[in-house]
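Encoded as structure tokens, the structure appears first; notes follow it.
The values are calculated or read from the model by the stated rules, or taken from the named source; none is laboratory data. This is a predicted model, so every value here is computed, not measured. FYI the Cβ positions are ideal-geometry reconstructions off the backbone, even for glycines, and counts take in every protein chain you see. With ligands, DNA and RNA removed, areas are computed over all heavy atoms of the protein, side chains included. Shrake-Rupley method; radii C 1.70, N 1.55, O 1.52, S 1.80 Å.
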Amino acid sequence: MAQKTSLMLLVLYALLIIGLMVLVVGGAHLYSVALDARNLHADQRSALSFVQTQVTSCRGAVSVVEKDGCTILRLSESGYETRIYLYENTLRTQLARNGASPDLARGEVICDMDEFTLTWVSPRLLKVATDFGTAYIRCGGGGANE
Amino acid sequence: MNETRSGAQRLGFMVPLILFVLFFIICCGVLSSVFAKSADLSVRAQQLNAAVQLCRNGAEIYTTCGSLEETAGTLGGTYFDSNGAPADRNNAQMYLTMRETPGENGLRYAVLEAFTLDGDHLYTLIAASYLGE
């Protein structure tokens, strides 16, 4: 009888431990998924919002330039231009004098990215496709490819 | 007499054990529902993120072209998956409604609203476009 009770207790404790382990593993997995999703959303928001805000706030010319196989979004304003481009799988930005030769490696890194495609849907509407999603940006002054 | 004492001892041993197991099961239930809720919140956060981006895209397109049909056409439809990419109705996670309301002094407003397929409201954005008097 005592042996039967001990066995029952052993089974019970085993069940409790398995239950606890399932809960802990499930919780850890869920936390990791939630954290990954949060980081992805933060990257997505920051990358697309950064490009949208930069283009919207630009009062000068907006142009898309191809240089050394790299697509550069150029926002010119009173002697200086902001360049946004993809270089070595990172989205980068750089402030330089108008017309100065771009040194792509020296740009400030915004975030990791694999795709950055710029397309003019219409003369005043720019489509920015990234691996985080697509953004459409209205360019009040219009823009073009160079 | 001995049998009665043995039964009482066993009962005295089993009652706290059963209470403990019951408490453990309740805790597991509560934790599981918290996990399920957090997974649900994570999905909702993703949908909200996509909805904000979709509405913003819609507003940018509308203020450029001034037409809801063209806005929907450029966005790729009105049904989207949880990442905001265009999807057919069967695979969609959310949809976008757009309606125009006339304003004064040549302004026209577009109200862009994103909903889940269950009809839960996700996000609303109002875009104004000047179309001339």
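Residues satisfying the criterion are present in segment B:105-116 (criterion: free of Cβ contacts under 8 Å to residues at least 40 places away in the same chain, more than 26 Å from A:ALA34 (Cα to Cα), loosely packed, with under 12 Cβ neighbours inside 10 Å and in contact with a Gly (Cβ under 8 Å, 6 or more places away or on another chain)). Residue count for segment A:101-128 satisfying the condition of being outside any strand (DSSP E or B) and either of a type outside the set (D, E, K, R) or touching a residue at least 24 places away in the same chain (Cβ under 8 Å) (or both): 9.
Condition (residue is within 19 Å of the chain's Cα centre (by Cα), under 30 Å from B:LEU48 (Cα atoms) and either open to solvent by 20 Å² or more (accessible area, probe 1.4 Å) or of a type in the set (Gly, Ala, Ser) (or both)) applied to segment A:120-130: is it met by at least one residue? Yes, that holds for at least one residue.
Take B:TYR62 and decide whether it is within 12 Å of another protein chain (Cβ to nearest Cβ) and in contact with a Ser or Thr (Cβ under 7 Å, 6 or more places away or on another chain). Outline the logic, then answer.
On the way: within 12 Å of another protein chain (Cβ to nearest Cβ): yes; in contact with a Ser or Thr (Cβ under 7 Å, 6 or more places away or on another chain): yes.
Answer is yes for this residue.
The listed residues are A:LEU95, A:LEU35, and the only one of them that is at the interface with another protein chain (Cβ under 10 Å from one of its Cβ atoms), surrounded by fewer than 19 Cβ atoms within 10 Å (Cβ to Cβ) and without any contact (Cβ under 8 Å) to a residue 24 or more places away in the chain turns out to be A:LEU35. Look at (1) more than 8 Å from every other protein chain (Cβ to nearest Cβ); (2) within 13 Å of the chain's Cα centre (by Cα) and you find that B:ALA87 fails only one, number (2).
With the requirement that a residue be more than 7 Å from chain A (Cβ to nearest Cβ) and touching a helix residue (DSSP H, G or I) at 6+ places or on another chain (Cβ under 8 Å), what does segment B:29-40 give you? Outline the logic, then answer.
Taking segment B:29-40 first, the residues more than 7 Å from chain A (Cβ to nearest Cβ) are B:29-30, B:32-34, B:36-37, B:40.
Result: B:SER32, single match.
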